[in-house]
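Colleague: Below is one structure. I have some questions about it.
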Amino acid sequence: MKTEKKSIRRIRNRGKRLDAWQLLLLFLLLCLTTVLGTIIWTMPENTSGLTDAVARLQEQSGVESPVTAVLLNFRGYDTLLEVMVLLLAVIGAWSLAKAPFSGQAADTGPVQMGVVRLLVPLMFLVAAYLVWQGSHLAGGAFQGGAILGAAGVLLLVTELLFLPAIPALPLRIGLVFGPLLFVVIALFCLCLTGHLLGYPEQAAGGLILLIETACAISIGLTLASLFAGGHPEDDHPQSVNPTEHSDKEEWP
Amino acid sequence: MITTLLYSMTGLLLFAMGLFTLFIHSHPLRKILAVNVMSTGVFLIMVATAYKPMPLGNIDPVPHAMVLTGIVVSVSVTALALLLACRVQETSNLDLLERKKQARIPEESRR
Amino acid sequence: MNPFQLASPTWMISPIILPLIAGLLCFLLNRRTFAIALAAAVANLLAVCFLTYQLLLFGPMRCHMGGWQPPLGITLRSDGPAVLMLLMTAVTGLAITVYARGYFSHRILNLRQATQHQEQQRYFWPLWMLLLAGLNGLFLSNDIFNLYVTLEIIAIAAASLAALSGKPASQLASFRYLLVSLLGSLTYLLGVVFLYRSCGILDLDILQHHVANGPGIRAALALMSIGLLLKTALVPLHFWLPPTHANALAPVSVILSGLVVKGSFYLLFRLWFEIFTQLITPSALNFMGTLGAVAILWGAVQAMRQHRLKLMVAYSTVSQLGYLFIAFPLSRIDESIQVWSIVIFMALGHACAKSALFMVAGAVFLHLGHDRIKDLNGVRASLPIPVFAYGIAGVSLMGLPPSAGFIGKWLLLTSSLTSSQWWWALVIITGSLLAMIYVFRVMSRFFVIPEDYSVTTSAPLSPLLEWPALIMALISLFLGLAASWPMKILATGNTALTQVFPGGLP
Amino acid sequence: MNWEQWLLPAILLSSFIPGIIIFALPEERHRLRTVLNLCGSILKIVLILVMDTGIYFGYNFEIRLSLIPGVELLLNGDPLSALFATLSSVLWLLTTVYAIGYLEGSPNRSHFFGYFSLCVTVTIGIALAGNLITFLLFYELLTLTTYPLIIHRGTEKSLRAGRNYLIYAFSGGAVFLFAVVALQTIIGPTDFTGAGFSPSFIDTHATALALIFILLIIGVGVKAALVPLHGWLPQAMVAPAPVSALLHAVAVVKAGAFGIIRIVLDVYGPQNLLLLGVLPLLAAVASITILYGSIRALQQDDLKRRLAFSTISQVSYIALGISLVDQPLAVIGGLVHLVHQGLMKITLFFCAGNLAETLGIHRISEMDGVARRMPFTMAAFSVGALGMIGIPPTVGFVSKWYLGLGGLAAGNWWVVLILAVSSLLNACYFLPILIRAWFGKQQGPWPDELYSGRFETRFMLLIPPLVTAFIVIAAGAVANAQISPLAWVRFIVRKYGL
């Protein structure tokens, strides 16, 4: 009751003025920002960071773009874990709900269809180009994956492609493909050079491109699946002891 | 020099604004957006850090890589949080309660 | 260099890679997920045991990822505290894996909505395995940005796990938990940015020698600490913990309470007492200690007032975390071994005892269908083993000898009295007494024999639900008797120790 | 590894392992459980007698386990621990026999006997503890193992009693822990050596050491039921009779008293305490407790409650004797009362249990003429009661005699006065019971007659009180013999060089 009253008051006050606590908060945050700002202002700009170190080792990395070198070679382990973060988000999303699926046939206008027909292949092309370009300019798996994901979203929005209707197994294979390949290559390098993700120098470029391509596909799929918002229809385990009747009790 | 400072300050400001919104708003979507604004602020400061004035040479690629990683993480978390928020709205009728309250307020104010 | 020889530091990656691959496979494959997870948990335990052995033989090690030396590359480091935390995670992890199997099988066999429970089990395994990988990565990592990534892995996996039960309450709690974790991570990341701006270094070993007392670094430390405190749920920031831990499925509660909060605490402690040692002022230490003291008392009082067993256990976590922070002002910075030993014993003891408690709570819930404390009468007769486990774990929470909690409290009391800060000793003792009250409030219910008592006919619980709890409880009890082992591991390669105990270790 | 070292863990395990097995046994295997219980008890007595002999001939029993620097578990057999261990193990055998008879047919017996065995393990652990930390370990475990026994009946009333017991005991334990840590930070880790710490500490830390002494006594005083800390004991009477017998005669109360003895004789040492001047305080508390317990006992109508207050009063004789530490005779009186009080009180509780179990008698007002119905039980009861009053030749007389002599030797007339008043009060609250039982006329039927058989009650309930009553007289009559408790106490006092 008390909280209800409080929220009523808050709703009433919405857009009018802030109450005392909010003002206090605002004041504290302003203080914080000022302090941090002053610190940034006075901070000496004498460190060059890791620029020199990257520049020195650039040639051994197998790629020309310094960012890609850092991302996939020098700090490849970070990226490995980060790909896992993406996959985790999908697993988390799948664990929450089944993807909403209307079950009706798509009803798309001609303009929409045209746009999709034009755009999607183009997007695939751009994605491929971005991944390829990653080795010497800005670009790479994440950028490429993002474009692929966008293409997927476009397809989902137009209801041309029902992600939930796709059989779960190929989808899972696609999602896991990138991360798994990454791990496998990391372990392969371990056998070759004695370091996890320690690419042999001459093969580095090729391996990085391989990883990037695989990851781009998986990331694209990941983003699209996140947009779909749940697990596909048939992603449930093979039941140890099928208890169909109990479900029927629940939903008469 | 001034450019990086400008970026950094903007980033800081974004961070603070996000934090403020996160605290005062109760709606899940606003909260998620607030966190997103905050992370953008942090990334902005990070990118500003990468910029080095000419005598020191090139940009620093490490913060760039860090920002990329950060963005990916932020995307994943945002997606998950949005889905969770949807589920919360579906399973509990919080939204319904909120609407009822809003419907009640005009009545009260009329009296 | 051959990565497979005995002295190779490359072995360090196995506790990360093994659960990682298991997690991927669990997601990819639909059947035999339990077998994969169990194999990974066992392999993880073996790998950690091997790392311990390696540590005792060769001392602390560094593993450079990809062969790139710091400052550019990422380094993993195995030393005493890290290996002990890994051991804690591996043992608890194995118990959780076994328990979770029993838990899900029981629910699938005995309750309605079997499909829903099968679904929960299907996503539990990959999430749990990836969480395990993230935790192991956190304990081993020596790179301040890599630590951020591991924190995020833990946060996302933990939030998804917390929402797994599908109840509205748990989803709401999980949403809040996710936001709080995210806020914590972002604050931490802002700290990392400040640090990188002022030092240009991410590797902790190098940072340790480069830390100069400047405003930038101080701000960085403050930001990182706030972020980690938020994740560790120290008292004013603990609001998210009880609902999250209490509403999750029982195996998930075990994971969250026993392991996840320890991860961020470990990182915080490492930053304060190994990396930024010079910046730490006595007032900062006292501040943390005060918060810890408030946490102990507040958490215990709240635990006493709860009506549900799982909420009680969750608030007890809030209280027990306070002990970890009381260690802050009692640490004389020059004797890092002393501080580490306090924290490690408290953390190990709490991890084992708390997992046992949540496992018991889960078993009781499955047995009775509720966990209201006032209706727990007569459980002793039908669930003797879990009740026994509850009692033993309670002993450890109260810090009675010979549990690991006792060793931790003994060390805390000794250092508070030798440094003449007796007020902390009073808080510690009061905390134990309050713990006694909340533990026995439930315990006495178990012993009541209701008047219309008859042995209930509900299906007996699977041994997988009962024995892991008892084993964890016994470990927490007898860890105190074997206290010289963790001490030995902790001291390996720590030069400070030879000065503290010149006669050698017991 | 030599046998001396492993004897002590073997003594502990001889009841611990049966206890664990009993927990695992199903409820209906009562025969196997009985066999296990009795075998364990007898094996323990044999092992302890071996240890006693070894100690007498100068063997050294000791085993250590180092946990962390400064925390060491030490089991050590010295004459004092032998006294307590022998008492506990002998009485335990009798109580086990009694409990098997008492609980025949009642539910949850496997739990009861499991905790029962753990409890004896812990009590013997207290006896064998060789330093304060080990003592603390077993002292806290004692609380934990006795709690399920107290609330065994599972009623709301027993839960309340159990809760009070826990609060008292753990608060005491917490104070004790604090004091132990504080003491260790001053004098460092020390074993029970019989001499106490070096007097040089008194020059530097006199106040702190005196305060710590008070805290330590408070810590053990809770279990010894010294006066302001005695509240749990009368409430704990809701427990089954064997448990009450155990709490009062052997385990809990005695553990507290034994703790006082250890602290005075071993931790601080007589000389240091005389320097610190805190002993009069202990003597005062003990005297107050003696009088208070006796006066409260007078007012009780419930038989077990009267016995409980009598315990509060009688146990403080031990503290009183120890507080006159410069008088060897008084110390002898206090130490020997540890044994004698145990024997007498366990007899009384066995008899009270018999009355309740056979005829449903709980109140003294219901006892008119009961001696004609149960002559053997009441004979044993009379022996115990007369012993409490201090009539020769019972053991009670021996204790009071030595205490009085010690008081006189020190020139403390008030000690004799207190003994006299307390004996008078004892007579006041025991003699009416005896008169009612032997000379009163039965008024109406017994409240709840549960047993009618060949003997006056079940055989296993009858034997233990008769045995203990016999020992009460025998040990008093032959107090000067070679193997009486008194002779052993003299041996202890000689060893401490008093």
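The values are calculated or read from the model by the stated rules, or taken from the named source; none is laboratory data. The structure displayed is predicted, hence computed values, not measured ones. Glycine also receives a Cβ, built like all others from the backbone with ideal geometry; neighbour counts cover every protein chain displayed.
Colleague: For the range C:181-235, enumerate the residues that are more than 13 Å from every other protein chain (Cβ to nearest Cβ) and more than 21 Å from C:Leu259 (Cα to Cα). Lay out the reasoning, then the answer.
Modeller: We begin by selecting, within the range C:181-235, every residue more than 13 Å from every other protein chain (Cβ to nearest Cβ); these are C:204-205, C:208-209, C:211, C:213, C:225, C:228-229, C:231-235.
Across the range C:181-235, the qualifying residues are C:Leu204, C:Asp205, C:Gln208, C:His209, C:Val211, C:Asn213.
Colleague: Checking C:Leu51 against (1) within 14 Å of chain A (Cβ to nearest Cβ); (2) at pLDDT 90 or above; (3) touching a Pro at 6+ places or on another chain (Cβ under 8 Å): exactly one of these is not met. Which one?
Modeller: (1)
Colleague: Which members of the range D:53-68 meet the condition of being surrounded by fewer than 19 Cβ atoms within 10 Å (Cβ to Cβ) and on the phi < 0 side of the Ramachandran plot? Explain how you work it out, then say what you get.
Modeller: Initial filter on the range D:53-68 (surrounded by fewer than 19 Cβ atoms within 10 Å (Cβ to Cβ)): D:53-54, D:56-60, D:62-66.
Once the filter is applied, which keeps residues that are surrounded by fewer than 19 Cβ atoms within 10 Å (Cβ to Cβ) and on the phi < 0 side of the Ramachandran plot, the range D:53-68 yields D:Thr53, D:Gly54, D:Tyr56, D:Phe57, D:Tyr59, D:Asn60, D:Glu62, D:Ile63, D:Arg64, D:Leu65, D:Ser66.
Colleague: Filter the range C:154-180 down to the residues that are of a type in the set (Val, Ile, Thr) and within 11 Å of chain A (Cβ to nearest Cβ) and list them by number.
Modeller: The initial filter retains those residues of the range C:154-180 that are of a type in the set (Val, Ile, Thr), namely C:154, C:156, C:180.
Once the filter is applied, which keeps residues that are of a type in the set (Val, Ile, Thr) and within 11 Å of chain A (Cβ to nearest Cβ), the range C:154-180 yields C:Ile154, C:Ile156.
Colleague: Of all residues in the range C:291-326, which are more than 27 Å from C:Ser416 (Cα to Cα) and either assigned to a helix (DSSP H, G or I) or of a type in the set (Gly, Ala, Ser) (or both)?
Modeller: Keep residues of the range C:291-326 that are more than 27 Å from C:Ser416 (Cα to Cα), which gives C:305-314.
Hits for the range C:291-326 are C:Arg305, C:Leu309, C:Lys310, C:Leu311, C:Met312, C:Val313, C:Ala314.
Colleague: So, one more: With the structure loaded, tell me whether C:Val364 is over 16 Å from the mean Cα position of the chain (by Cα), part of a helix (DSSP H, G or I), more than 14 Å from chain D (Cβ to nearest Cβ) and surrounded by fewer than 24 Cβ atoms within 10 Å (Cβ to Cβ) or whether it fails that test.
Modeller: Details: over 16 Å from the mean Cα position of the chain (by Cα): yes; part of a helix (DSSP H, G or I): yes; more than 14 Å from chain D (Cβ to nearest Cβ): yes; surrounded by fewer than 24 Cβ atoms within 10 Å (Cβ to Cβ): no.
When the stated conditions are applied, C:Val364 does not pass them.
Colleague: Let me ask something else. Yes or no: C:Thr75 buried (at least 22 other Cβ atoms within 10 Å of the Cβ), among the β-branched types (Val, Ile, Thr) and in contact with a Leu (Cβ under 7 Å, 6 or more places away or on another chain)?
Modeller: Working: buried (at least 22 other Cβ atoms within 10 Å of the Cβ): yes; among the β-branched types (Val, Ile, Thr): yes; in contact with a Leu (Cβ under 7 Å, 6 or more places away or on another chain): no.
No: the conditions fail for C:Thr75.
Colleague: Here's something else I'd like to know. Just to verify a result, which residue in the range A:50-65, among those that are in contact with a Phe, Trp or Tyr (Cβ under 9 Å, 6 or more places away or on another chain) and not in a helix (DSSP H, G or I), is farthest from the other protein chains (Cβ to nearest Cβ)?
Modeller: Looking at residues that are in contact with a Phe, Trp or Tyr (Cβ under 9 Å, 6 or more places away or on another chain) and not in a helix (DSSP H, G or I), I get A:Gly62.
Colleague: Within the range C:380-414, work out how many residues are in contact (Cβ under 8 Å) with a residue 24 or more places away in the chain, facing chain D (nearest Cβ under 9 Å) and within 17 Å of C:Phe328 (Cβ to Cβ).
Modeller: 2
Colleague: Listed residues C:Ser416, C:Ser382, C:Ser403, C:Ser396; which is buried (at least 22 other Cβ atoms within 10 Å of the Cβ) and over 24 Å from C:Leu256 (Cβ atoms)? Even if it seems obvious, please write down each step before you answer.
Modeller: On the way: C:Ser382 fails: buried (at least 22 other Cβ atoms within 10 Å of the Cβ); C:Ser403 fails: over 24 Å from C:Leu256 (Cβ atoms); C:Ser396 fails: over 24 Å from C:Leu256 (Cβ atoms).
One residue alone meets the criteria, C:Ser416.
Colleague: Testing C:Ala491 on (1) facing chain D (nearest Cβ under 9 Å); (2) at pLDDT below 85; (3) under 24 Å from the mean Cα position of the chain (by Cα), one condition comes back false. Which one is that?
Modeller: (1)
Colleague: Quick check: anything in the range D:436-444 part of a helix (DSSP H, G or I), under 25 Å from D:Phe309 (Cβ atoms) and not aromatic (Phe, Trp, Tyr)? If you could, list the steps in order and put the result at the bottom.
Modeller: Let us first name the residues in the range D:436-444 that are part of a helix (DSSP H, G or I), namely D:436-439.
Then drop every residue that is not under 25 Å from D:Phe309 (Cβ atoms), which leaves D:436-439.
With not aromatic (Phe, Trp, Tyr) added as a condition, the list becomes D:436-437.
Scanning the range D:436-444, I find at least one residue that is part of a helix (DSSP H, G or I), under 25 Å from D:Phe309 (Cβ atoms) and not aromatic (Phe, Trp, Tyr), so the answer is yes.
Colleague: Now for a different question. Which one of the conditions (1) buried (at least 24 other Cβ atoms within 10 Å of the Cβ); (2) of a type outside the set (S, T, N, Q); (3) modelled with pLDDT of 90 or more does C:Trp340 fail to meet, given that it meets all the rest?
Modeller: So the condition that C:Trp340 fails would be (3).
Colleague: With the condition kept exactly as written, say whether any residue in the range C:394-405 is more than 16 Å from D:Leu137 (Cα to Cα) and not polar (S, T, N, Q). Spell out the reasoning first.
Modeller: If we filter the range C:394-405 for residues that are more than 16 Å from D:Leu137 (Cα to Cα), which is where we start, we get none.
No: zero hits.
Colleague: Sticking with this structure for a sec: Quick one: which helices (runs of 4 or more DSSP H) sit completely within the range D:314-409 and have at least 3 residues that are crowded, with 24+ Cβ neighbours inside 10 Å and touching a His at 6+ places or on another chain (Cβ under 9 Å)? Don't jump to the end; show me each part of the working.
Modeller: Details: elements: D:328-359, D:370-373, D:375-389, D:395-409.
The helices (runs of 4 or more DSSP H) meeting that bar are D:328-359, D:395-409.
Colleague: Among (1) of a type in the set (A, V, I, L, M, F, W, C); (2) within 26 Å of C:Ala155 (Cβ to Cβ); (3) assigned by TED's automatic domain parsing to the domain that holds C:Met88, which single condition is C:Ala212 missing?
Modeller: For C:Ala212, the failing item is (2).
Colleague: Consider the range D:183-200. How many of its residues are buried (at least 21 other Cβ atoms within 10 Å of the Cβ) and either within 11 Å of chain C (Cβ to nearest Cβ) or part of a helix (DSSP H, G or I) (or both)? Reasoning before the result, please.
Modeller: In the first step, residues of the range D:183-200 are kept if they are buried (at least 21 other Cβ atoms within 10 Å of the Cβ); the result is D:183-184, D:192, D:196.
Then drop every residue that is not either within 11 Å of chain C (Cβ to nearest Cβ) or part of a helix (DSSP H, G or I) (or both), which leaves D:183-184.
Within the range D:183-200, residues that are buried (at least 21 other Cβ atoms within 10 Å of the Cβ) and either within 11 Å of chain C (Cβ to nearest Cβ) or part of a helix (DSSP H, G or I) (or both) number 2.
Colleague: Restricting attention to the range C:370-393, does a residue exist that is touching a strand residue (DSSP E or B) at 6+ places or on another chain (Cβ under 8 Å), modelled with pLDDT of 85 or more and of a type in the set (Val, Ile, Thr)?
Modeller: yes
Colleague: Can I ask one more? Please indicate, with yes or no, whether at least one residue in the range C:300-314 is surrounded by 20 or more Cβ atoms within 10 Å (Cβ to Cβ) and among the charged types (D, E, K, R).
Modeller: yes
Colleague: Pairs needed: first member in the range C:34-61, touching a residue at least 24 places away in the same chain (Cβ under 8 Å) and surrounded by 19 or more Cβ atoms within 10 Å (Cβ to Cβ); second member anywhere, part of a strand (DSSP E or B) and small (Gly, Ala, Ser); C-beta distance under 8 Å; at least 6 residues apart or different chains.
Modeller: From residues that are touching a residue at least 24 places away in the same chain (Cβ under 8 Å) and surrounded by 19 or more Cβ atoms within 10 Å (Cβ to Cβ), the pairs are C:Leu51/C:Ser78; C:Gln54/C:Ser78; C:Leu55/C:Ser78; C:Met61/C:Ser78.
Colleague: Which one of these does C:Leu151 not meet: (1) farther than 23 Å from B:Val47 by Cβ; (2) within 11 Å of chain A (Cβ to nearest Cβ); (3) among the hydrophobic types (A, V, I, L, M, F, W, C)?
Modeller: Condition not satisfied by C:Leu151: (1).
Colleague: Does D:Leu118 satisfy the condition of being more than 16 Å from the chain's Cα centre (by Cα), closer than 23 Å to D:Arg29 by Cβ and either outside any helix (DSSP H, G or I) or in contact (Cβ under 8 Å) with a residue 60 or more places away in the chain (or both)? Even if it seems obvious, please write down each step before you answer.
Modeller: On the way: more than 16 Å from the chain's Cα centre (by Cα): yes; closer than 23 Å to D:Arg29 by Cβ: yes; either outside any helix (DSSP H, G or I) or in contact (Cβ under 8 Å) with a residue 60 or more places away in the chain (or both): yes.
Yes.
Colleague: Right, another one. Among the residues of the range D:117-168, write down those that are more than 8 Å from every other protein chain (Cβ to nearest Cβ), within 22 Å of D:Val71 (Cβ to Cβ) and of a type in the set (A, V, I, L, M).
Modeller: Selection gives D:Val122, D:Ile124, D:Ile126, D:Ala127, D:Leu128, D:Ala129, D:Leu132, D:Leu142.
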